[in-house]
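Handing you this structure, nothing more for now.
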Amino acid sequence: MPPQSVTAHNLTSAVAINVTWSPVPVGHVNGLLIGYSIKYRRIRTAERDVFDTKEYTVTVEPSELLVEIETDTYSIYEIRVAAFTQRGMGPYSEFVYGGE
């Protein structure tokens with residue numbers, strides 16, 4: 001099961017998005033939780049939709065439920081979060097969108 005309640009907010013600046021989530025519910029983690037993987041990519045700029053953009057991945061410790069990702073101004077990003085264990089990566093959450 002993916003992390004729950006994934007949100008993306010522009011709270012700190014025009015060039016950063018705070019991504020938060022709730023942990024995978026107890027009993028749905030397949031092994032020892034090692035951390036979280038956050039994937040994101042720019043999908044729109046002020047002028048146009050963006051295709052074939054690079055997808056970035058950030059990994060964080062299991063105790064962290066917040067990450068700040070740097071972004072370009074006037075852009076929209078799609079973001080998803082997954083938990084990983086010693087057995088591998090779990091499913092990613094549905095996309096959430098953040099940006100300006």
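The values are calculated or read from the model by the stated rules, or taken from the named source; none is laboratory data. On a predicted model such as this, the values are computed, not experimentally measured, just so you know. Note that we place each Cβ from the backbone using ideal geometry, even for glycine, and neighbour counts take in every protein chain shown. The accessibility values were calculated without ligands, DNA or RNA, using every heavy atom of the protein model including side chains. Shrake-Rupley method; radii C 1.70, N 1.55, O 1.52, S 1.80 Å.
Going toward the positive end of the dipole of region 57-100, with +1 on Lys and Arg Cβ and -1 on Asp and Glu Cβ, which of 81, 91, 59 do you reach last?
It is 91, whose Cα lies furthest towards the positive end.
To continue, here is another question. Rolling a 1.4 Å sphere over the protein heavy atoms, what is the accessible area per residue of the chain, to the nearest Å²?
That works out to 60 Å² per residue.
Kirkwood hydrodynamic radius (Cα pairs, Å) of the chain?
Averaging 1/r across every pair of different Cα atoms and inverting gives 13.9 Å.
Which percent of the accessible heavy-atom area of the chain goes to carbon and sulfur, probe 1.4 angstrom?
Result for the chain: 51 percent of the exposed heavy-atom area is carbon or sulfur.
Take the Cβ-Cβ distance between residue 51 and residue 86 as r, set R0 to 41 Å, and report the resulting FRET efficiency rounded to the nearest 0.05.
0.70
Also, I was wondering about something else. Given the options 47, 78, 61, which has the most mean-square fluctuation in a GNM of the chain, springs set between C-alpha atoms less than 10 angstrom apart?
Highest fluctuation among the options: 47.
Between residue 59 and residue 74, what length comes free when the chain is fully extended (0.36 nm per residue of separation minus the Cα-Cα distance, one decimal in nm)? Numbers along the way, then the final one.
Working: separation 15, 0.36 × 15 = 5.40 nm, distance 2.50 nm.
Stretched fully, the residue 59-residue 74 segment lengthens by 2.9 nm.
Can you tell me how much longer the chain between residue 66 and residue 28 gets when fully stretched, taken as 0.36 nm per residue apart minus their C-alpha distance, in nm with one decimal?
11.6 nm
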